[in-house]
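This report concerns only the one structure given below.
Each value in this text was obtained by applying a stated rule to the coordinates, not by laboratory testing. The structure displayed is predicted, hence computed values, not measured ones. Cβ sites come from the backbone with ideal geometry, for glycine too, and all protein chains shown count toward neighbours.
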Amino acid sequence: MKKIVAFAGSNSSTSINHALVSFAASQITAHEVKVIKLTDFPLELFSEDLEKERGFSVDLRLLLNEIKGADALMISVNEHNGGSSAFFKNVLDWLSRIEYKFLAGKKILLMSTSTGKRGAASSLEYVKNVIPRFDGEVVESFSFPSFPENFSLEENKITNELLELGFIDVLQNFQHQINL
């Protein structure tokens with residue numbers, strides 16, 4: 001049994017990316033999955049001056065320990081104006097300063113969603129290209145379009161049959177990859 005840590009790259013209290021990654025985590029039964037919220041690890045806006053003055057915070061070290069203690073990660077990223085959110089970029093900046101290869105050995109399922117038809121695909125592609133810098137391996141990715149039309153928060157399920165089939169396939173492939 002592998003240990004998986006799942007989180008969204010959003011700081012919104014009503015994050016649809018958190019809803020998506022939580023749903024995905026609930027579908028994994030063969031492994032131990034822990035869903036966390038990055039907002040539980042508050043980090044100031046990164047600056048080299050701040051790093052020199054104060055060093056690395058306890059919250060940053062706790063978050064790093066969560067990631068390092070996992071065999072794999074499930075991440076769902078949001079999008080702001082066609083790019084990754086400043087919140088998530090800040091988390092990556094801090095983590096890479098404390099340990100540049102903080103994703104070493106991690107297999108990652110990368111997801112994204114939005115209210116639009118592209119499903120935050122631009123943010124997904126950006127993060128997909130950045131993760132290898134930190135030695136992580138994106139083994140599967142999935143962009144979930146038009147979240148409110150294709151997912152029921154009340155029933156906690158995908159309502160679009162075609163999207164559901166694609167999502168199931170991605171989850172199965174991810175689980176296969178982390179077992180290798």
- Item | Most to least packed among 46-58, 136-148 [average Cβ atoms within 10 Å] | 136-148, 46-58
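Within the range 92-163, list the trypsin sites (Lys or Arg not before Pro) lying in a DSSP loop whose Cβ has at most 16 other Cβ atoms in a 10 Å radius. Walk me through the intermediate numbers first.
Values: sites: 97, 101, 106, 107, 117, 118, 128, 133, 157; in loops: 101, 106, 117, 118.
Qualifying residues, ordered by number: 101, 117, 118.
Using the structure shown, list the pairs from 3/128; 3/101; 3/52; 101/157; 2/117; 2/52 with a Cα-Cα distance above 30 Å, or answer none. Kindly include the intermediate steps, with their values, before the conclusion.
On the way: 3/128 21 Å; 3/101 19 Å; 3/52 34 Å; 101/157 35 Å; 2/117 34 Å; 2/52 37 Å.
Checking Cα-Cα distances, 3/52; 101/157; 2/117; 2/52 exceed 30 Å.
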- If amide H atoms are modeled at 1.01 Å from N in the peptide plane, then the residues at a separation of 5 or more from residue 138, or on another chain, having amide H under 5 Å from its own are 108
- Item | residue 99 versus residue 47: modelled label distance in nm, points set 7 Å from Cα along the beta carbon direction | 2.8 nm
- Task: Select from 75, 120, 105 the residue farthest towards the positive end of the dipole of the range 66-180; place +1 on Cβ of Lys and Arg, -1 on Cβ of Asp and Glu, and compute about the Cα centre.
- Result: 105
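Could you give the dipole magnitude of the chain about its Cα centre, charging the beta-carbon of Lys and Arg +1 and that of Asp and Glu -1, in debye to the nearest 20? Intermediate results must be reported in sequence, preceding the final value.
Working: 18 positive and 23 negative charges, 67 e Å.
The calculation lands at about 320 debye.
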- Can you give me the Cα centroid spacing of the range 81-139 and the range 148-180 in angstrom? 20 Å
- Query: Which value, in nm² and rounded to one decimal, describes the direction-averaged projected area of the C-alpha convex hull of the range 1-52?
  - Reply: 4.7 nm²
